[in-house]
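Trainee: Take this structure, written in C-alpha cells, and hold onto it; I'll ask about it next.
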Amino acid sequence: MTRHGLHRITRFRNGPRRKAIALGVVGGSVVAGIVATMMPLLASDDLSIRAAADTTATAVIQDGDNAAKPTLATCATRCDGNPRGGREAVIEFAVTTVPAAAVNVRATLRVHAWQQFAATVTAHASPLSAREARPAPAPTSAALDTVAGVSKGFNEWDVSALVTGNGTWTVSLAQTGLETRIYWASAENRDPELRPGLVISYDIGARPAPVPTTRSAPPPSPSAPPTTAAPKPSPTIAPTRTSTPTGPALPPGKCGAVSDKLVPSCGAWWGMYSPAGAAGGWDYGKAITNVEAQVGRKFDIVHRYHDFSNAGGNGAFPDAYEQQQMREGRLLFFAWETRNFSAGTTFKWADVYSGRHDATIDAVAGRIRAAGVPVFLGFDHEPEDEPNKGSDADFVRAWRYVYERFAKAGTTNAVWVWTMMGWSGHYSRYAGLYPGDRYVDWVAYDPYNFHVCNGSTVWKSPNTTVAGFYDWLDANGIGAGKPRMLAEFGTNFNSADPGAKQRWFQDFPAALKAHPKIKAAIYFNSPGMTNRTATCDMTMNHDASSVAGFTQAGKDTYLRQPTGGSR
C-alpha cells in the first residue's frame, strides 16, 4: 500500500505493511497484520513495542488487582459498594521512532478486556506516574476519547490529541456507568498478544504534485490538501483502453495453463489480504474463508505479511494456516519484511547483505523449499517508503543477496515479486530500486482510490487507479516482459453517492482487461489501512452493496481461472 501512516492498524499480527508505526504490544504475531503491511498514502509495516509501564491508580489500601500486575483495573468512584473506591488504569508509552518529517500524527490506544460491560470508559492525559505501585487518583484532564460500552477483546481510543510525536506519553482510563471493577490486560500479562498497545500513523511532509505523462494522468498526490467543495456523485468512467466485455470472451482452447512462474495463460488471478485479530484467535484460515463465504468463491491468492524473526506466526512461515490453504489449491504470497513485528524493531538492508541474518534467510528458504509448490515471495514491499533501512542501492544489494541464498539452498519454487508503491513522486527512484531482470519474476504495485481518506475529494475510477504506474512502466522499460500484479489495491466509498463503491467493483474487471499485463489483483481488506470514519472505509465488505459489487467482479470469467482457487 502506498501510504504514510496507518496502513494497517488491525494488521497487528501479520501485516501488513505501510508506514504506520504500531507502537504497542500485540504479541508474537503483530502485524498488521499486516498488516501493513502494508498505496500511495499509508504505511504498511505494523510495528509494536511494549508499554514502558502501567499501574492501577486507587485509594483503596488493599487492592489485589494492582498487586497481581498481569491486570489493570478501572472502576467508578463508587465501586463495589465503596463510595471512594474508584480506580483508573494508567499506561505509559515511550515513543522514539516517529521521523522528524512526520506530519498528521495519529495515535490509537488499544487495551484488552476479558468480558463485555455496559460501562463508559474515557481516556485522558494522565499526570500520574505509571511506575508507582499504587498512586492516588488525580483529577483528570479533558477527555481524549470515550468508549461507550466495553467490548470483549481489544477496545480502542483515539489519543491523537495527546500523542503528537516522539516523547513519553501517559494515558489514564476512567470508568463511569458501572459500579463494579473492569479488569484489563497489563504489560505484564503472560500472553504478549493481550498487552496494551499504542498504534501511531503519520504522513511524511508535503509531497510534490504528480508529474503528468503523455499517456495518462498519474494518481493525485496523497498529500493533496482537502478542498471545501462538496463531493459530487461518482460517475462510472469508461476505461480509455479497449476492454473485453464481461462474460466468456476468452480465446477458446488457450486458457487454463500456468507457467512455472505462476503466470496464467489468460485472465488474471483474484486474491485477498484479510487480517486476523485477537478476538478471533488470530485465525488466518477463517480470515479468508469468512470472506470467501461472503463473496461465494475461493480466492486464487492469499496474501500474508511476515517478518525476519523466524519465530511464531510472524516469522516461521509457511505456518499451519498457509500450509492448509496451499493444500486446498490456493496460491500463497508472502510479503517478507526486514522487521521484528513483536519487538517493534527495523533492520538495515546492510545487515542483510552483511550476513547477519543468514540463519533466518536459510531457515525460511528451507521451509519454502519443503512446501513443494510454487509460492510468491516479495522482499520488503514498498522500499521507497523505508528511509530508515538504507539507500536504494542497499535495497538492491540486499534483494540480490537473499535471492542468491535461496538459489544456493535449492529453493527454486520461490517466485520473486518486486512490489513498489507506484506513486508518481517516486518515479525518479524506481530504476535505482530495480534489482534487475535476473532477480525479478513479477513487477507489482499498490494502487488505491483513497478518495477523502487521504484528504482529497478526487474519485478515481478503477481504470485511472491502476493506469498511472502501469503506463510509466511501459514508457520507461522497467521490468519489460514481466507479468504485473496489483499486490494491494482498494477503494473507499463515496458518502455523497452510496452506489459508487459497488459500481467501482463492478467496473474493475474491465480495467484489468484494459491493462492485460496485470495478471493478478489482490484486495487489501484491512479496516486499519486508513482511519475508519463516517466518510472513509477501505474494506471491501463494509456494507452489503460493496459486497455485492465485489461478488459480481469475482464472477467475471476474466477472474475465473480454470486452475487454482477459482475452480
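Throughout, read-outs are computed from the coordinates displayed, never taken from laboratory work. Here the structure is a predicted model, which is why all the values come from computation and not from measurement. No Cβ is skipped: glycine too gets one built from the backbone with ideal geometry, and neighbour counts run over all protein chains shown.
Trainee: Through the Karplus equation 6.51 cos²θ - 1.76 cosθ + 1.60, θ set to phi - 60°, convert the phi angles of the stretch 464-480 into ³J(HN,Hα) values in whole Hz; use x for Gly and Pro.
Mentor: Going residue by residue, I get 5, 4, 8, 6, x, 6, 4, 5, 5, 4, 4, 6, 10, x, 6, x, 4 Hz, with x marking Gly and Pro.
Trainee: Please list, ordered by chain and number, the residues whose modelled amide H lies under 5 Å from the amide H of residue 53; skip anything fewer than 5 residues away on the same chain.
Mentor: 92
Trainee: Mind giving me the nanometre distance, one decimal, between the label points for residue 257 and residue 134, set 7 Å out from Cα along Cα→Cβ?
Mentor: Distance between label points: 7.7 nm.
Trainee: Whole-Hz ³J(HN,Hα) for each residue in the stretch 433-444, computed from phi via Karplus 6.51 cos²θ - 1.76 cosθ + 1.60 with θ = phi - 60°, x for glycine and proline: what do you get?
Mentor: 9, 7, x, x, 4, 4, 9, 10, 9, 10, 10, 10
Trainee: Let me ask you something else. Which residues does a label at residue 327 reach in the stretch 365-397, if reach means a backbone N under 15 Å from a point 7 Å past the Cα toward the Cβ?
Mentor: Hits in the stretch 365-397 for residue 327 at 15 Å: 371-373.
Trainee: Using amide H atoms built 1.01 Å from N in the peptide plane, name the residues 5+ places from residue 482, or on other chains, whose amide H lies under 5 Å from its own.
Mentor: When sequence neighbours closer than 5 places are left aside, there are no close amide H contacts.
Trainee: Which percentage, to the nearest 5, of the DSSP beta bridges contained in the stretch 269-566 is antiparallel?
Mentor: Of those bridges, close to 10 percent are antiparallel.
Trainee: Okay, moving on. May I ask which residue of 455, 326, 399 lies farthest towards the positive end of the charge dipole of the stretch 269-566, with charges of +1 (Lys, Arg) and -1 (Asp, Glu) on Cβ and the Cα centre as origin?
Mentor: Checking the options against the dipole of the stretch 269-566, the answer is 326.
Trainee: Fewest to most neighbouring Cβ within 10 Å: what's the order for 503, 87?
Mentor: Lowest to highest Cβ neighbour count: 503, 87.
Trainee: Given a cut-off of 24 Å, name the pairs among 152/501; 519/555; 517/555; 460/513; 298/482 whose C-alpha atoms lie farther apart than that in the structure shown.
Mentor: Going by Cα-Cα distance, 152/501; 298/482 fall outside the 24 Å limit.
Trainee: Given labels modelled 7 Å from the Cα in the Cβ direction, how far is it in nm from residue 286 to residue 404?
Mentor: 4.6
Trainee: In percent, what relative contact order does the stretch 269-566 have, based on Cα pairs under 8 Å that are 6 or more apart in sequence?
Mentor: Working: 536 pairs, mean separation 56.5, N = 298.
The value is 19 percent.
Trainee: Could you give the nm distance between label points at residue 100 and residue 497, where each point is 7 Å from its Cα heading toward the beta carbon?
Mentor: It is 4.4 nm.
Trainee: Per-residue counts of other Cβ atoms within 10 Å, averaged by peptide: what ranking do you get for 258-264, 376-382, highest first?
Mentor: Ranked by mean Cβ neighbours within 10 Å, highest first: 376-382, 258-264.
Trainee: Residue by residue, what Karplus-based ³J(HN,Hα) values in Hz, rounded to whole numbers, does the stretch 532-548 have, using 6.51, -1.76 and 1.60 with θ = phi - 60° and x for Gly and Pro?
Mentor: 7, 9, 5, 10, 9, 7, 8, 5, 5, 10, 6, 8, 5, 5, 5, 4, 4
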